[in-house]
Amino acid sequence: MSDRVAVDARIVSALRAARRVVILTGAGVSAESGVPTFRDKQTGLWETFDAAELATPHAFQRDPSLVWGWYEWRRATVLGAKPNSAHRAIATMEKLVPHFTLITQNVDDLHERAGSTGVLHLHGQLSRPYCEVCHHSYDHPEGIPDLPQGGARIEPPRCGACGAMIRPGVVWFGEHLPDVAWRSACEAAKHCDVFFCCGTSSVVQPAASLTDMAIRAGATTIQINPNATDYDGSVTVAIQGPAGIVLPRIVAETWRSA
Ligand code: BJW
Ligand code: ZN
């Protein structure tokens with residue numbers, strides 16, 4: 001998509017009139033920072049790695065060193081990445097609308113590093129490991145781990161309080177989403193004027209159902225994705241293009257004179 005293509009007038013007018021704007025982001029928003037998505041053909045993590053072996057509570061119980069080492073490699077990847085123009089456009093939009101809610105499925109903290117505040121993390125954060133038994137949270141040591149592609153077996157550290165294993169701070173398949181973040185996300189989706197779903201395949205539940213909530217609430221719904229999703233026909237506007245081009249264009253066009 002050329003960055004000279006005009007932004008759909010429905011988006012500009014809906015955003016200018018909006019009091020409440022919500023953005024739901026997925027892995028595609030970080031793709032232009034070099035962070036791999038999960039399900040893209042050839043480049044997605046699940047093309048090379050087996051989600052059942054790595055992203056479930058059962059996988060961690062069966063082989064904690066494999067899982068911890070893989071997440072340490074993922075953490076090294078995101079620490080080595082920088083926020084891109086999509087993250088920055090979202091951080092800018094937060095300052096331009098009266099009520100703004102950013103909901104992310106991403107665990108990389110690139111939104112915060114771009115300046116976004118109050119981000120609702122539906123699937124946790126790589127930076128926030130916690131004890132699998134007493135849930136005490138821990139900080140990782142300073143620095144970027146030096147690991148080969150895909151990681152290496154690393155014994156998870158132990159909790160100083162109870163001695164149990166410390167686990168990655170992410171939400172695995174079959175686990176419930178953090179309650180406060182999920183409730184806040186539902187409230188925001190049900191009461192917004194404009195809702196973006198951006199860089200997500202919209203196949204993982206319950207996150208994808210937020211778009212249905214916004215559609216049912218009568219919001220102007222905008223999908224930004226270079227590829228088709230099951231929501232192409234149900235959102236108000238489906239823009240086929242990379243978030244790093246489309247989002248800055250929308251911000252520039254809507255708030256030209258702001
Ligand atoms: C670009 C781009 C660019 C590329 N610009 N775009 C059947 C029906 C309904 C639900 C279920 C079901 N069977 C099982 C479930 C539940 C399950 C689920 O949804 N499974 C489906 C896969 C079928 N969900 C759960 O288990 C959730 N919990 C739950 O439901 O709790 C209730 C419950 C508990 C117990 C029993 C029963 C119910 C938890 C889900 C946790 C998801 N975890 C992961 C891993 C996190 C940790 C980690 O990082 O390793 O979260 S999976 C992975 O998928 C990750 C992501 O956040 C999530 C979503 O992926 P996302 O962000 O959409 O990425 P992709 O790769 O899929 O898409 C990227 C998109 O970007 C693509 O469309 C590209 O085209 C696009 N793109 N470049 C813009 N430049
Ligand atoms: Zn503990």
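The values are calculated or read from the model by the stated rules, or taken from the named source; none is laboratory data. All values derive from a computational prediction rather than experimental measurement. A quick note on method: Cβ atoms are made from the backbone with ideal geometry, for glycine too, and the neighbour counts reach across all protein chains shown. Heavy atoms of the whole protein, side chains included, go into the accessibility calculation; ligands, DNA and RNA do not. Shrake-Rupley method; radii C 1.70, N 1.55, O 1.52, S 1.80 Å.
I'd like to verify a number: residues in the stretch 138-153 that are open to solvent by less than 80 Å² (accessible area, probe 1.4 Å), away from ligand 1 (no atom under 16 Å from the Cβ) and among the hydrophobic types (A, V, I, L, M, F, W, C), how many?
The total comes to 1.
Please verify whether the stretch 124-132 includes one or more residues that are loosely packed, with under 13 Cβ neighbours inside 10 Å and either within 17 Å of Ala76 (Cα to Cα) or more than 16 Å from ligand 1 (Cβ to nearest atom) (or both).
no
Find all pairs meeting these conditions: Cβ atoms under 9 angstrom apart; at least six residues apart or on different chains; first residue within the stretch 33-57 and more than 16 Å from ligand 2 (Cβ to nearest atom) and assigned to a loop (DSSP other than H, G, I, E, B); second residue open to solvent by less than 60 Å² (accessible area, probe 1.4 Å) and of a type in the set (D, E, K, R).
Short answer, once both residue conditions are applied: Ser33/Asp108; Val35/Arg74; Val35/Asp108; Pro36/Arg74; Thr56/Glu175.
Could you please let me know if Ile239 is among the hydrophobic types (A, V, I, L, M, F, W, C), surrounded by 17 or more Cβ atoms within 10 Å (Cβ to Cβ), more than 11 Å from ligand 1 (Cβ to nearest atom) and under 20 Å from His87 (Cα atoms)?
no
Criterion first (under 15 Å from Ile166 (Cβ atoms) and touching a residue at least 12 places away in the same chain (Cβ under 8 Å)) does Trp73 satisfy it?
It is false that Trp73 is under 15 Å from Ile166 (Cβ atoms) and touching a residue at least 12 places away in the same chain (Cβ under 8 Å).
List the residue pairs whose Cβ atoms are under 6 Å apart, where the first residue sits in the stretch 154-166 and is more than 18 Å from Ser127 (Cβ to Cβ), the second is surrounded by fewer than 18 Cβ atoms within 10 Å (Cβ to Cβ), and the two are 6 or more positions apart or on different chains.
Here the result reads Glu155/Ser65; Ala161/Cys134; Ala161/His136; Cys162/Val133; Cys162/Cys134; Ala164/Val133, each pair linking the stretch 154-166 to a residue that is surrounded by fewer than 18 Cβ atoms within 10 Å (Cβ to Cβ).
For the stretch 27-72, name all the residues that are open to solvent by less than 60 Å² (accessible area, probe 1.4 Å), farther than 21 Å from Thr104 by Cα and not aliphatic (A, V, I, L, M).
Residues satisfying the conditions are Phe49, Pro57, Phe60, Asp63, Pro64, Ser65, Trp68, Gly69, Trp70.
With respect to Ala228, determine if the residue is open to solvent by less than 10 Å² (accessible area, probe 1.4 Å) and either within 16 Å of ligand 1 (Cβ to nearest atom) or in contact with a helix residue (DSSP H, G or I) (Cβ under 8 Å, 6 or more places away or on another chain) (or both).
In short, no.
May I ask you to say which residue of Arg183, Arg158 is more than 24 Å from Thr229 (Cβ to Cβ), more than 16 Å from ligand 2 (Cβ to nearest atom), open to solvent by 20 Å² or more (accessible area, probe 1.4 Å) and out of contact with any Asp or Glu (no Cβ under 7 Å at 6 or more places or on another chain)?
Exactly one residue qualifies, and that residue is Arg183.
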